[in-house]
Amino acid sequence: MNTKDFQQQIIAFFENIDKYYGSKTEITEGLCTDMENLDANLTTWNLSEFELIRSAYRKNGEKLMMEGSNMYYEISADRIIGFEQTGRNKFEFIELYGISVFRITKIRFHYKY
């Protein structure tokens, strides 16, 4: 996939995210140093759940944000090296934060349609 297609998929995701407003949203976040080996013993995982109430792109810092009551989550747009739809209403972002430091963000929307 070329860079333009990759960017268009991310833009399309955020242009259409408003359909998920009001949906329970699960974010599973993993920090790892080896993308080839996501062994649970080598990766730190966190899970958050909230009802999505709004989203935006924060140009200052190039951040994609999602917000719920008492919850705020950002993805650094300029650090994204991977994006895919992994299932119905499921998405995965991979960000590169250092030579071998990756953040995996798995998003699942409990969407009724």
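The values are calculated or read from the model by the stated rules, or taken from the named source; none is laboratory data. All of these numbers come straight from a predicted model, not from anything done at the bench. Note that each Cβ is placed from the backbone with ideal geometry, even for glycine, and that neighbours are counted across all protein chains shown. Accessible surface areas use protein heavy atoms only, side chains included; no ligands, DNA or RNA. Shrake-Rupley method; radii C 1.70, N 1.55, O 1.52, S 1.80 Å.
Just to be sure I understand the filter: pairs with C-beta atoms under 9 Å, separated by 6 or more residues or on different chains, first member in the range 76-103 and outside any strand (DSSP E or B), second member exposed (fewer than 11 other Cβ atoms within 10 Å of the Cβ). Which pairs pass?
Ala77/Gly61; Asp78/Gly61
Across the range 58-69, what is the total count of residues that are touching a Leu at 6+ places or on another chain (Cβ under 9 Å) and either open to solvent by 30 Å² or more (accessible area, probe 1.4 Å) or over 23 Å from Lys24 (Cα atoms) (or both)? Reasoning before the result, please.
Here is the first cut: in the range 58-69, the ones touching a Leu at 6+ places or on another chain (Cβ under 9 Å) are 58, 66-68.
Subset that is either open to solvent by 30 Å² or more (accessible area, probe 1.4 Å) or over 23 Å from Lys24 (Cα atoms) (or both): 58, 67.
So the answer is 2.
Tell me whether the range 25-42 contains one or more residues that are at pLDDT 90 or above, open to solvent by less than 40 Å² (accessible area, probe 1.4 Å) and over 15 Å from Ile94 (Cα atoms).
Yes, the conditions are met somewhere in the range 25-42.
Is there any pair with a first residue in the range 5-22 that is farther than 15 Å from Ile53 by Cα and a second that is open to solvent by 90 Å² or more (accessible area, probe 1.4 Å) whose Cβ atoms are under 9 Å apart and which are 6 or more apart or on different chains, and what are they?
Sorted first by the residue in the range 5-22, then by its partner, the pairs are Gln9/Met1; Gln9/Glu84; Gln9/Gln85; Phe13/Gln85.
Being open to solvent by 50 Å² or more (accessible area, probe 1.4 Å), at pLDDT 95 or above and closer than 25 Å to Lys19 by Cα, is that true of even one residue in the range 92-105?
No, that holds for no residue.
Which residue out of Ser48, Ser55 is hydroxyl-bearing (Ser, Thr, Tyr) and either modelled with pLDDT under 90 or loosely packed, with under 15 Cβ neighbours inside 10 Å (or both)? Step through it out loud before you land on a result.
Working: Ser55 fails: either modelled with pLDDT under 90 or loosely packed, with under 15 Cβ neighbours inside 10 Å (or both).
Exactly one of Ser48, Ser55 is hydroxyl-bearing (Ser, Thr, Tyr) and either modelled with pLDDT under 90 or loosely packed, with under 15 Cβ neighbours inside 10 Å (or both), namely Ser48.
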